[in-house]
Each structure stands twice: as C-alpha cells, then as structure tokens.
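**Student:** Have a look at this one before I ask anything.
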Amino acid sequence: MNGIAPDSGGNVLLLVLLFLPVLGALAMYPLRRNIPLAKAVAMGTALLEFVLVVVTYLSYSTEAAASGTRFQLEFSAPWIPAFGTHFAFGIDGIALVLIALTAFLVPGLMLFAWAEKLPEGRTMSGYFALLLATEATLIGVFTATDVFLFYVFFEAMLVPMYFLIGRFGGPNRQYASVKFFLYSLLGGLIMLASLIGLYVTSADQLGQGTFTWAELQSIAANTPTSTQIWLFLGFFVAFAIKAPLVPFHTWLPDASAEAPIVAAVLLVGVLDKVGTYGFLRYCLPLFPEASKTLAPLVLILAVIGILYGALLAVGQKDMSRFVAYTSIAHFGFIALGTFAFSSQAFAGATLYMVNHGLSTGMLFVMVGLLIARGGSRLISDYGGVSKLAPVLAGCLLLAGMSSLALPGTNSFVSEFLVLVGSYPREPVYTILATVGIVFAALYILWFYQQTMQGPVRGNAVIRALERAGAGGPGAMIDPGIAAKRVSGFPDLTRREIGVLAPLIVVIVVLGFFPGPLLDVINPSVAATMQEVGLPDPVSLGGIAR
Amino acid sequence: MIATVLAQAPVTPIDAPAIDYAAIAPLLVMLAAACISVLLEAFLPRHQRWPVQVALSVVAIAVAGVTLGIYAGNAPAAGVTTLSDAVAVDVPTLFLWGTLLLLGLASIFLIADRSVEPGGAFVASAEERAAVGTTVTGGGGAGSDVEHVDRSYGAPGDVPTMQTEVFPFTLFALSGMMAFVAANDLLTMFIALEVLSLPLYLMCGLARRRRLLSQEAAVKYFLLGAFASAFFLYGLALLYGYAGSVKLTDIANAAAGSVRSDTLLFGGLALLVVGLMFKGSVGPFHTWTPDVYQGAPTPVTAFMGACTKVAAFGAILRVLNVAFGSTHWEWRGVMWAVAIASMFIGAILGLTQTDVKRMVAYSSIAHAGFLLLGAMAITKEGISGTLFYLLAYGFTTLAVFGVISLVRDGDGEATHLSRWAGLAKRSPVLAGVMTFLLLALAGIPLTSGFTAKFAVFSAALQDGMAPLVVIALVASAITAFFYLRVVVLMYFSETPTDGPTVTVPGAFTTVAITLGVVLTLLLGIVPSLALDWASAGVFAG
C-alpha cells in the first residue's frame, strides 16, 4: 500500500480504458468526410469502452479493498524522473463508480446527439471526437494515482469541453466558453501552486520529492497544520470552482445554458463531480488536519449553496439555467456529506455523485428534447405539453422526482445517507440542509406544472402547432386536427426512448437496490475515514448497507 | 601582497592562454561561418548567393551541432574554463548552445523561405524600391514591382532572389549569443553583447513591406540598445572598481569575504542587470519590445523572440549564480519587484493589444517575468528549470511567428487580430497548430509550456518564494485570457468575406513550424529528454 514501487508495470486495463477513447477521437479526423461511418466508429468506441468498464467493474475485488488494498488494477511507469512523477493509475471504489457513470452516459449521449442539427460549418465527426476526448480526460482524472498526473488531466479536461461549448453551443457561446475556461484555469493554477508546495513538502520530509498519492498520504500526518491549511486552500479553491460551490458557481449557469445538451450533461453530470471527487480523494486524505480545521467553512458554503441554489432555481426563466441551479443545490449536499466525516455521509456523498449524474443527466436530456421540439429555452414558452406528448411528460416527471429525491428513486438513498450520516456530527447544518429538500420539491413541481400541465399554451408550443396546421385552443375535439397536433409537437421517437430507457431503468433499480454500488464504495470510504483519522460518530450503525 | 607581486615578477613573457579547442569548437565554427558568409556576400554573383548562403548556414549549424554533440558526450560534469577563464564551457553552456543552434537552424529556415513572400521578406534599402517607383513609406507595394526589382539583379527568368545580407547577420548574431552565454568574465560578455546586438539592429530594418514601421523599429531598438549597453558598461566599471577584476568568480570571492563598500557592488549589479534585462525584454525595461516585434520582418522577430531571450537569460543566470549567488538575499527583494512588474505589464497590456505580433511581444514580457523566477532561485533546480523553460519557450514562440507569417492579405501579413476571425474554417490545420501553440504559451498540461512553468515555479517555491509563485500563477491566468481571445476569434467567430488568405507554406517554413510544434508536444509529454541534460551540472567556476 505504501512505498509504491516506482518500477514500471502492472495491469494495463486502465491504460486501455484511457487510450481507447483517445484513439476513437483521433480516428474521427480521417473519417470526417464519411459522417455515417464516423458516427458508427464513435458509437462503437463508446460502447466498447462501456463493455471494458463493465469488465473493470467485475474484476474489482471488494474483498481485497476491504482487507486494505487501497488501489486496484494499478499501473505505474516513471514519467519525469526529475520531478518524481509517475504515469500511475489505479482505482478505488469511489473512482470506479464514477468511471462507470462516465462510460454509461457517453453512448447514450451520442445516441441523443445522433441527428442533432449542428451550427453551420461544424461537423458531427468533430462533435463526437470532442465527446470522446472529454471521456478520455475524465477517465484519466478518476484513475490517476499520481497527483501531478491528476493535475494534468484536470487541466486537459478543459480543452475539449471548451471547444464543445464554444463551437457547438447556443447564441451566447463565446462568452460562456471563455468564462468557463478562465474560471477553471484560474482554479487550476491556484491548485498548481499548492501542488508544487506539496511536492516541496514531500522533498523536505522524504529527501526526494514525490507526487505518488500513497506516499504523499503517508507523510500527511507529519505535515504541520499551518502548512496543510495553505496547501488545502489551493486544492479547495480549484475543486470548489469545479464542483461548483457558492460563491464560485457563476460560470456554471452560463456554461450549461449555452452548451449543447450532451455537453451540458457531461459538464454537470460528470465533470463537476471531479470537484467533489477531489475533495474526497485529495483534500481529505492529503490534508486531514486542515480539512478538520476548515470543515465549518466548507459546511457553511455547502448549506448556503443548498438554499441559495434552490431559491435561484425557483426564479429561473431559462430551462437549462434552471437545471444548473438545481445542481448547485445538489452539490451542496455532496459537500455537506464530504465534510461531515462519517462513513455514512462519505458513502452517501459518493453515491450522490453517481445519482446526481444520472438524474440531472436525464433532466437535461428531457430539457433538450423539449427545446428540440419548441425551439426555445424559456420555461414560459411551454405549457400543457402532457396533453400533446404524454410519454415525454411522464419521463420528465420521473427525472424530476429523481432529482428531488423521492423515495423509490436513486437519489433518495444517497440524500438520506448524507443527512443521516451528517446529523450526529453536524446537527445544525444538517437541519438547515433539510430545508433544501422542501425547496427541491417546490421548484421541481413548479417546473413540471408550468411546462406540462394545464391547457396547451406557451409561445413555443403554439408556434410548433401552428406550423403543423393545428393551431388554436379547443381543437382537441376534432380528430383530424388532433392528428396534426401530434405531428406538430410529437411525442418521443424510438431513438429518444432508446436514450432514456437505460437511464430510467438505472434510476429505478438503484432506488431499490443500491447495494451493488454501496458494496464497491464502502471499503474505500472506510479507508478514507482511516486516512482522515477520525472515528465514526456514534450513530445508527449499519444504514450504509 | 607585495610578496605575491614579487613572486610574479620574473614571469616576463605573457603566456598565450591554453585553449581547449574541443570545448569551444561550436563557437569557432559559427564565427568562421559568419566570416565566410560575409566574403561570399561580397564576391558571389547575386543570383548564386541565396542557395550558397542557405547551404553555408545550415551546414555550419550542423557542423557546430555535431562538434557540440561529440564534446558533450564526454564532457566533464563540472565544466571547464578556457581562454584564461574568459569562457566557461559547462553543462548550462552546452545546453544553451544546443538550444541556440537548434533555434538558429529553425530561424534560418524561416528567414530563407521565399515562397511565402515572393522573393523573401527582406530588402536592404529604401532606395532600391524607390528606384522602380514604388512607395517606400507605406505597406502597399504590389507584388509585381517587387519581383521586378529582384529580377533586375538576377539572371532573367530566375525565381526572384532575395537580399542575402540577412544570413551573415544571423550567423554573427548567433555566434555572439553563443559567446554571450559562455562568457565567464564581464568584458567578454560585453563584447559578445555587442556582437549579437549590432546585427540584430540591422536585421530589424530589413522588412520588404511596411518599411517605415520596420525602420522605426530598427532605430528605436538601436538607440535603446545603445543605452542598455552603456548601462552594462557602467555596471561593469563599478564592479571592476569593487572587485579589481572583471571575472565573475573574482567578483563572487570579493563579495564573500571583504569589508569593501557594498555601494559599488550593488550599484554595479543593478546597472549590469538592467543592461541584461533590456535584452531579455523584462519589464519595466521592455518598452522597445512591442514596437520592434511588430516592425521587424516576422522571421527576424521569430529569431529575436526565441534566440535573444535564450541568450539574455543564459547570461542573467550565469551572472546571478556565479557572481552574485552568495549575496542573493540582498538583491532578491528588488528582483521580486522587477519580476512582478514584468509579469503584470506583460499580462495586462497584452489584454489590450489588437495586433497579433504586439500581443506575442507582451506575452514575451510576461514570460520574461516567469523566467526571472527561475533565475532568481540560486539552486540547481533553478538553473535547470530556467534552461528548460528557455528551450520550451523558444520553440513555441518561433513556431507562433512562423504561423503568423503565413496569414496574409494583399497588403502583406494580416496581423490585426480582427483579420484572424473565422480562420479555423478556411484553414483548420493552421488554426489547430496555432491553438496548440497558444495553449502551450498559456501553460496547459501536455505541452512544453506547462512542464517548463512547473520546473521554474517549483524551483522558486523550493527556494522560499511562495508568494511570488502565487502571483506568477495569477499572472498566468491573465495571460491565458488573451491567448484564448485568439482561439475564440479563429474558431467561434464568423468568417468575414474578405478575410486574409493563408499561404501554403514552402518546405522551409513547414520544417521550422513542424520542428516547433513537435518539440512543444514532445517536451510536454517526455520532458526528461531535455530536463535530464539541463540538470546534469551547474556553472563552472
């Protein structure tokens, strides 16, 4: 576990996972003249990647993790000896579930974007290449066990996402993409300062600087708290911008509103999880004392995020921004669970990351489907859609219910775990956070009621109907016009159902059987608890099963 | 004291100093080539000059490179000093020589290219153009007139020849730079400074297009450069007064154990370093940089931006480490201020630029500030980090200027930023290359820019400059904004109908740009290739 041998070698499975999407992305360039083939190759790559991730999942041994193996499927090769960096990969349960989430979402997103109308002069091959490149950098971020390597992927991740937003996004995409890039880059550079500081600290303590996570973790206990606090803050700011926590959040609504839907799903669903993953993997184990000292600060930000995000979500006019603000509220819950220092809360936070990726991903997809039909992002342009497209409305309801953590959906389990796990140590913050749940019900139901229920109304809907020659209210009775209404504002197509079905299945199944995920997560969470050096608070044990 | 004088007295004949020819062979080769190049320019018929000069330059650099490689293969790690300690050939010298030769080769390729601008980018004098009735002041010369001028010299039916004085200039400047970074005493350093500067002043004024701008740049560079040289010389005099010697090691010894007045020492240091920082375009001594970068012919700008920076910082490194290493606690505070000023002048003024070449000039000022962080860290890591940074930065900048020289309209290069809008649509490869290079300048991982910044910043942090590192990172974030602006323009903006065309580069320019891009990528992914060499030894003496 400690003193990782710097020799090269190990299991190459993670390397394959990393480089397969890279190859797929590169293959898009020679295929750019043959779009159908390019799309097929991209989809094939994404599906193959998913299969490989399933293989990885199956070969991950929870017994080994429980008996103290911190990382599995490790690979390591020296990279830059002068800096003591390694090309080192490995996964624990937390990383594994996030990789699984990434690989699960990407093929579905490709299917969703399959027939998307791109801005003029942009090609599908470039679009899919960027999606695959984003996937590769995400896999890299989650699997790196060398902090330098992690940083490399952390920054490299920006580039494909920047181009996804800037080239394929909405009307205000230039502003949004640059804002996104600069915010993240600034955070990254502040983290770089801490990263270098960490390296220097390790050189002081070990005689030879290192970036290997396990070695850095082993010296964490000897680092003075004041040093830890400075280093912690650098990492924290980067992750708080990425996550994003209030007050570092303002880039997210812009970026996710202007991004094409698939990019928004990846951005909010997975990319932002890098921030919360970073808290759990880097901030807590590498700076345990600083984390404990500064936890109240983070908790305050988390609770503010929960309430503020929810309040702003209620006030949004734009559907994409609405989803972005609901996410900011959810990220508050994840941060709360992460800085509450109990295994249940940790497990809840980790599960929350996966579940939020699924439910918000689905919510974004539903919003995308609405926009594709009505051509407007304004909530007030829609109304009574459930009369025209009942299946779509039903799916939106499910996505919403999952987002507000209704029992029976996936998010309930994680939200419950976070709250139960946080309460014994942080009762005040937990009670405040609970108020957020009420808000969540409020904004989701309000959104659903606005867009789906009541009489058919709203500019976008009416225009779509008029184009199909079925305008005017009260035409419900005429069967001829009713048929036209269907063509004006059609229900889900088979391809769209194909995108949604796996999401729905997973959301419901995880709502009832979160066990398989928790089994993978729990040993790693226990290890993290050990690294932080705090015992579990006395509480209702055993809930995390 | 008297005893030592008496002991030396009987040695009346002045011994010729021992010369380690193997060590200084690359320098000798380059100097010889520069002299031959002048002779060729004088005696060859005009139409033969271009091929012969190009061949001579390339062969000279190759031979110098080979001798360097042979010597470096089994050079003593501690380095040697030769020519009675006037020249030090140690690992940093060898590394900088290698860097300069490679950068010089790529610059020669850019300079030699005749396909981008018909007949090359250079013309010797305004009269030549006035003689055929084209305007000498503006940038509006038509291509046909230009060809007419050149044809009148060469054989009929030839491809247009170009002004080939630029080749001996380049070779002399390059030799001067090589001597500059190896100079172990201040007089040698001063002479090398002049050898490298004078050709550069002339080269700036050679532009075929936008003559007025080019000549203004040359005059400005010359006048300010003369001032800087004077500063250097004044500093040299003060230091001689302090230490009684111009050798760097003697100054260090004098500073270490003496009760002499520090005023002379630090006054001398300040003036000396001002002269050096002028060459390295460190703010606030940067004022010439934007004008000269903009006015000089782009291949020359590439040469200056890359090689001069390497030479200047090579010398700064040596002076600070060898002569002033022991006193660094005294002067470091001032250098902090200079570094901060340079980074923020570069970053903030860079934001307001509308001309690509000026923008890169301000970026070079910001980078000079970053480089200073490494140069200030008087440690092994500081030296190797700075050396690596110079290599990485040199190639990225060179390739950036190579790309800039390709974006043209009827009026020559289209350097105004607005002209770059939508370039990605017309020329995806060029836009991709430019984006990659700009990301490297911004310091995004997997490019050499990131590894270099990391090396320099970690050295600075290790030597107790944590606040400065944080400031530098903030400045990096600001510079990223104007790099991004170009990317945004190229990729996300609508294409204007009368946009500039992208010239298909000739083989020479292609090779130069490719070299820059490949090294930028390679040093980003496997920096050990160069980093191991850079950290193999420290300054001799």
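The values are calculated or read from the model by the stated rules, or taken from the named source; none is laboratory data. Everything numeric in this text was worked out from a predicted model, so none of it was measured. Ideal geometry is used to build each Cβ from the backbone, glycine not excepted, and the neighbour counts take in all protein chains shown. Note: accessible area is taken over every heavy atom of the protein model, side chains too, but ligands, DNA and RNA are not part of it. Shrake-Rupley method; radii C 1.70, N 1.55, O 1.52, S 1.80 Å.
**Student:** Would you mind checking the tilt of helix B:448-462 against the longest principal axis of the Cα atoms of chain B, expressed as 0 to 90 degrees and rounded to 10?
**Tutor:** 30
**Student:** Continuing with this model, one more query. Over all alpha-carbon pairs of chain A, lay out the pair-distance distribution in 20 Å bins, whole %, shortest bin first.
**Tutor:** 23, 56, 19, 2, 0
**Student:** In vacuo Debye scattering of segment A:384-456, one point per C-alpha: log10 I(q)/I(0) at q = 0.13 Å⁻¹?
**Tutor:** -0.47
**Student:** Can you tell me the dipole magnitude for the protein assembly as shown around its Cα centre, using point charges on the Cβ only (Lys, Arg +1; Asp, Glu -1), in Debye to the nearest 20?
**Tutor:** That gives the protein assembly as shown a dipole magnitude of about 2540 debye.
**Student:** I would also like to ask the following. Among A:431, B:108, what's the order by accessible area (1.4 angstrom probe), most exposed first?
**Tutor:** Values: A:431 100, B:108 0 Å².
Descending order: A:431, B:108.
**Student:** With everything on Cα atoms, drop me the angle between helix A:494-512 and the longest principal axis of chain A, reported from 0 to 90° to the nearest 10.
**Tutor:** Orientation of helix A:494-512: about 50 degrees from the principal axis.
**Student:** Sort the following peptides by mean Cβ neighbour count (other Cβ atoms within 10 Å, averaged over residues), highest first: A:281-290, A:205-214. Mind showing how you got there, number by number?
**Tutor:** On the way: A:281-290: 24.1, A:205-214: 18.7.
Ranking the peptides A:281-290, A:205-214 by packing returns A:281-290, A:205-214.
**Student:** Counting residues in the protein assembly as shown as N, plug N into 2.2 N^0.38 Å and put the Cα Rg over that result.
**Tutor:** Values: Rg = 32.3 Å, N = 1086, 2.2 N^0.38 = 31.3 Å.
Here the Cα radius of gyration is 1.03 times the empirical estimate.
**Student:** Turning to a different aspect of this structure: Quick one: 3J(HN,Hα) in Hz for segment A:88-99, Karplus 6.51/-1.76/1.60 with θ = phi - 60°, rounded, Gly and Pro as x.
**Tutor:** Ordered by residue, 3J(HN,Hα) equals 10, 10, x, 10, 10, x, 5, 5, 4, 5, 6, 4 Hz.
**Student:** Hey, how many Å between the Cα centroid of segment B:196-241 and the Cα centroid of segment A:290-328?
**Tutor:** 57
**Student:** So what's the net charge close to residue A:271: Lys and Arg +1, Asp and Glu -1, counting the other residues with Cβ under 14 Å from its Cβ? It would help to have the intermediate numbers written out before the result.
**Tutor:** Values: positive: A:242, A:273; negative: A:135, A:155, A:272.
Spelling it out: positives minus negatives among the neighbours equals -1.
**Student:** Here's something else I'd like to know. Please list, in order along segment A:400-412, the HN-Hα scalar couplings obtained from phi with the Karplus expression 6.51 cos²θ - 1.76 cosθ + 1.60 (θ = phi - 60°), rounded to whole Hz, x for Gly and Pro.
**Tutor:** So the J values, rounded to whole Hz, are x, 4, 5, 5, 8, 6, 6, x, x, 9, 4, 5, 4.
**Student:** With every protein chain present, what accessible area does residue B:435 have (1.4 Å probe, heavy atoms only), rounded to the nearest 10 Å²?
**Tutor:** Spelled out: residue B:435, probe radius 1.4 Å, area about 10 Å².
**Student:** Which of the peptides A:311-324, A:433-446, A:98-111 is most tightly packed, and how do the rest follow, judged by the mean count of other Cβ atoms within 10 Å per residue?
**Tutor:** A:98-111, A:311-324, A:433-446
**Student:** Which cross-chain or sequence-distant (5 or more) residues have an amide H under 5 Å from the amide H of residue A:74, H modelled 1.01 Å from N in plane?
**Tutor:** Residues meeting the amide H criterion: A:11.
**Student:** Sequence-distant or interchain residues sharing an amide H contact under 5 Å with residue A:79, placed H: which?
**Tutor:** Hits under the 5 Å cutoff: A:85, A:86, A:87.
**Student:** Relative to the longest principal axis of chain A, what angle (0 to 90°, nearest 10) does the C-alpha long axis of helix A:343-374 take?
**Tutor:** It is inclined by approximately 30 degrees.
**Student:** Under a Cβ-only charge scheme (Lys and Arg +1, Asp and Glu -1), can you give me the dipole magnitude of chain A about the Cα centre, in debye to the nearest 20?
**Tutor:** Working: 27 positive and 27 negative charges, 376 e Å.
Charge dipole of chain A: 1800 debye, to the nearest 20.
**Student:** Residue B:56: net charge of surrounding residues, Cβ under 13 Å, Lys/Arg +1, Asp/Glu -1, itself excluded?
**Tutor:** 0
**Student:** May I ask which residue of A:266, A:73, B:67 lies farthest towards the positive end of the charge dipole of the protein assembly as shown, with charges of +1 (Lys, Arg) and -1 (Asp, Glu) on Cβ and the Cα centre as origin?
**Tutor:** So the residue furthest toward the plus end is A:266.
**Student:** Can you work out ³J(HN,Hα) from phi for every residue in segment A:221-234, in order, using Karplus 6.51 cos²θ - 1.76 cosθ + 1.60 and θ = phi - 60°, giving whole Hz and x for Gly and Pro?
**Tutor:** Once rounded to whole Hz, the list reads 5, 8, 7, x, 4, 5, 4, 4, 5, 4, 5, 4, 4, x.
**Student:** Say the dipole of segment A:57-163 comes from +1 at the beta carbon of Lys and Arg and -1 at that of Asp and Glu; which of A:93, A:59, A:161 then lies farthest toward its positive end?
**Tutor:** The one lying farthest along the dipole's positive direction is A:161.
**Student:** Alpha carbons only, please: Rg and Dmax for chain B, in angstrom.
**Tutor:** Over chain B's Cα set, Rg and Dmax evaluate to 23.1, 84 Å.
**Student:** Considering Cα pairs under 8 angstrom that are at least six residues apart, work out the relative contact order of chain B and quote it in whole percent.
**Tutor:** Once normalised by length, the contact order is 17 percent.
**Student:** Another question about this same structure. Any idea what Rg and Dmax come out to for segment B:160-226 if you just take the C-alpha atoms, in Å?
**Tutor:** For segment B:160-226, the Cα radius of gyration and maximum Cα-Cα distance read 13.5, 45 Å.
**Student:** Then there is this: Counting Lys and Arg as +1 and Asp and Glu as -1, what is the net charge of the other residues whose Cβ lies under 11 Å from the Cβ of residue A:165?
**Tutor:** Neighbourhood net charge equals +1.
**Student:** I'd like the distance between the alpha-carbon centres of segment B:373-447 and segment B:266-304, rounded to an integer number of Å.
**Tutor:** So the two Cα centres are separated by 19 Å.
**Student:** Under the rule of at least 5 residues apart or a separate chain, name every residue whose amide H is placed under 5 Å from the amide H of residue B:355.
**Tutor:** Residues meeting the criterion, in which the H sits 1.01 Å from N, are B:417.
**Student:** Here is a further query. Among B:305, B:323, B:354, whose Cα projects farthest towards the positive end of the dipole of segment B:281-415, with charges put on the beta-carbon of Lys, Arg (+1) and Asp, Glu (-1)?
**Tutor:** Projecting each Cα onto the dipole axis, the largest value belongs to B:323.
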